[in-house]
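Notes follow the structure.
The values are calculated or read from the model by the stated rules, or taken from the named source; none is laboratory data. Since this is a predicted model, take the numbers as computed values, not measurements. Here the Cβ is made from the backbone with ideal geometry for all residues, glycine too, and neighbour counts use every protein chain on show. Protein only, heavy atoms only, side chains kept; ligands, DNA and RNA dropped before computing areas. Shrake-Rupley method; radii C 1.70, N 1.55, O 1.52, S 1.80 Å.
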Amino acid sequence: MSEEIQRESMEYDVIIVGAGPAGLAASIRLKQMAAEAGSDISVAVLEKGGEVGAHILSGVVVDPKALDELLPDWRTQDCPLNTEVKDDIFLALSEHGSFQFPNFAFPPFMSNHGCYTGSLGALCQWMGTHAEALGVEIYPGFAAADFIEEGGVIKGVVTGDFGVGRDGSQKDGYMPGMELRGKYTLIGEGARGSLSKKLIEKFNLDDESDPQKYGIGLKELWRVQPDKHKPGTVQHTMGWPLDNNTGGGSFLYHWGDNLVSVGFVVHLNYKNPYISPFEEFQRMKTHPQIRELFEGAERLSYGARAITEGGYQSVPKLAFPGGALIGCSAGFVNVPRIKGSHNAMKTGMLAAESVFAAVSEGREGDTLGDYQAAYEASWVAKDLKLVRNVKPLWSKFGTFFGILLGGMDMWMNYILKGFSLFGTMKHGKTDAQSLEPAANHKKIDYPKPDGVLTFDRLSSVFISNTNHEEDQPVHLKVADLDLQKASELEQFAGPSSRYCPAGVYEWVEDETSGEMSFVINAQNCVHCKTCDIKDPNQNINWTTPEGGQGPIYANM
């Protein structure tokens, strides 16, 4: 670090950034192996949310095979993931109608039967208690702001400072961040994490992989009328309200006490800068096949997050000197299955096994090549390979023909054990490069929210329990404001005000001069990272705010 600040330091064998499925699985597996070997290994997990699960958001339908490996008796241990899938529905929507795909349209691995739905945040809280019972030290409310590098080796992380004013001055109660040093550091921040991004660039981890692709997932949690609740029913849709050239779809999951998770995913390689994923989500709920479910229902929570969608060909090299990427920091989401939690857990476990072997052998700070090899031989890589062409086909041929070809390709891969006539297709452009100038597209006139079924951004952010101290440095860094105006506004018609699901960005006209200024309402940020991904000039950099701030998701 270049700054001359005296920092307290703590030493561990292993530092894990992120108390999500990958990080918690890694910490549990490390302690399990230490117990089996009759040794000890010190493990610290940093979590930027105010509590474990506070920043966790997912659909979620969990394939339990990684959990079965990690904690085989989880079903009898009061795990909150207790609604097994009973009915699996996949629809293609038109504006007023729908078509249900028969089960035989997709290969067997696409089935959700045997999976479980519920709250991933609650699952992480439960995993956190197991980790702590094994001796893992979990520190919620501490954001990993930077890494410690010495001699080209990552030696740990530095947590963010507390008590810094918006102007950079030290306020009363200022407390510098701490150094947490470890023999190895595992990065499990989730999609487009700030440290992951820097490490991938620094160590050229993506030199041999395709650009990572992303979607934005938006979710609401509702309590519906008992007569409309069907526990264990999961429904996915594609098509309306998106056009044929824009990828995405919706999900509805029935679980718990009359709870329904409803959400919408928009692939971030869309071209039209007038698209608003938030408004598309609200519009989706008005479809006649969907809206009746919410009659007399109550909306409880809202949130959004980026999703890695590049799959097999976008996974970077996983290990760097002194550590490794795990979970969505590397990008293991299976796009057609709409699942990533089981892959995140498994890669955390594989990394843990590699780290434990290294520490047991007295090694420190080397590149964990055996983790890379273990991933390539694992069921994670094999499963991702089977579906590797679905996203590129969808992007190239649009929803109708792309899904048809993608289904055929999955069957071919399934029957021929990974062989495809398409080979392994390339993703090509980044999502930022996919956006086209506003002059090429028509403005979309979205209906106004009714406050009953459809809502605006600010009322939605309110029920995400999002909070940031306003007197702190803005964590959304715009590199060049002149470029933002000349390009993002004047060429692309200001898409930041539409792709952001939380009302963070506005272009505001001065009443006197008529000049447009870029306003950043950083206090609204739900940490989805979409701006970092979709800004056409990559001019916005998402960084960690003060630890413990952001959303506090409940049952998401």
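Brief remarks on what is shown
- Unsatisfied cross-links (Cα-Cα over 32 Å) in the set LYS197/LYS346; LYS155/LYS417; LYS197/LYS230; LYS65/LYS202; LYS228/LYS391; LYS48/LYS534: LYS155/LYS417; LYS197/LYS230; LYS65/LYS202; LYS228/LYS391
- When you filter the trypsin sites (Lys or Arg not before Pro) in region 388-428 for DSSP loop state and at most 13 other Cβ atoms inside 10 Å of their Cβ, you are left with LYS417, LYS426.
- Largest first, the extents of the alpha carbon coordinates of region 460-504 on the three principal axes equal 35, 23, 9 Å.
- Ranked by the mean number of other Cβ atoms within 10 Å of their residues, highest first, the peptides 293-299, 442-448 fall in the order 293-299, 442-448.
- Rounded to the nearest 20 debye, dipole of region 301-419 from Cβ charges on Lys, Arg, Asp, Glu: 560
- Chain lengthening between LEU483 and LYS442 when straightened (0.36 nm per residue, less Cα-Cα): 12.4 nm
- For region 350-432, GluC sites (Glu not before Pro) meeting the loop criterion (DSSP other than H, G, I, E, B) and having at most 12 other Cβ atoms within 10 Å: GLU361.
- Partner aspartates and glutamates for LYS429 [C-alpha distance under 17 Å; skip if fewer than 8 residues away on the same chain]: ASP206, ASP207, GLU208, ASP210, GLU309, ASP532, ASP535
- Heavy-atom accessible area ranking, 1.4 Å probe, most first, across HIS55, HIS267: HIS55, HIS267
- Shape of region 77-122, Cα gyration tensor, a/c cut at 1.5: oblate
- Among GLY53, GLN32, TRP74 the positive-end extreme of the charge dipole of region 1-102 (Cβ point charges): TRP74
- Rounded accessible area per residue of the chain, 1.4 Å, Å²: 40
- Charges were assigned to the Cβ only: +1 to each Lys and Arg, -1 to each Asp and Glu. The resulting dipole of region 364-496 about its Cα centre is roughly 960 debye.
- Ranking ASN555, GLY141, THR424 by Cα position along the charge dipole of the chain, where only Lys, Arg, Asp and Glu carry charges on their C-beta atoms, puts THR424 farthest toward the positive end.
- Largest accessible area first, the residues PHE397, PHE203, PHE104 order themselves as PHE104, PHE397, PHE203 under a 1.4 Å probe with ligands, DNA and RNA left out.
- Each peptide in 505-518, 219-232 gets a packing score, the mean of other Cβ atoms within 10 Å over its residues, and the list from highest to lowest is 219-232, 505-518.
- The order of ILE552, ILE16 by accessible area, most exposed first and with a 1.4 Å probe, is ILE552, ILE16.
- Correct choice for Cα extents along the principal axes in Å that was computed from the model, options (i) 70, 64, 42; (ii) 66, 55, 43; (iii) 65, 64, 47: (iii)
- Given +1 at the Cβ of Lys and Arg, -1 at the Cβ of Asp and Glu and no other charges, the dipole of region 1-121 around its Cα centre is 320 debye to the nearest 20.
- Using a probe radius of 1.4 angstrom, the carbon and sulfur fraction of the accessible surface of region 168-303 is 42%.
- Shown for region 1-97: the carbon plus sulfur share of the solvent-accessible area, taken with all protein chains present and a 1.4 angstrom probe, equals 44%.
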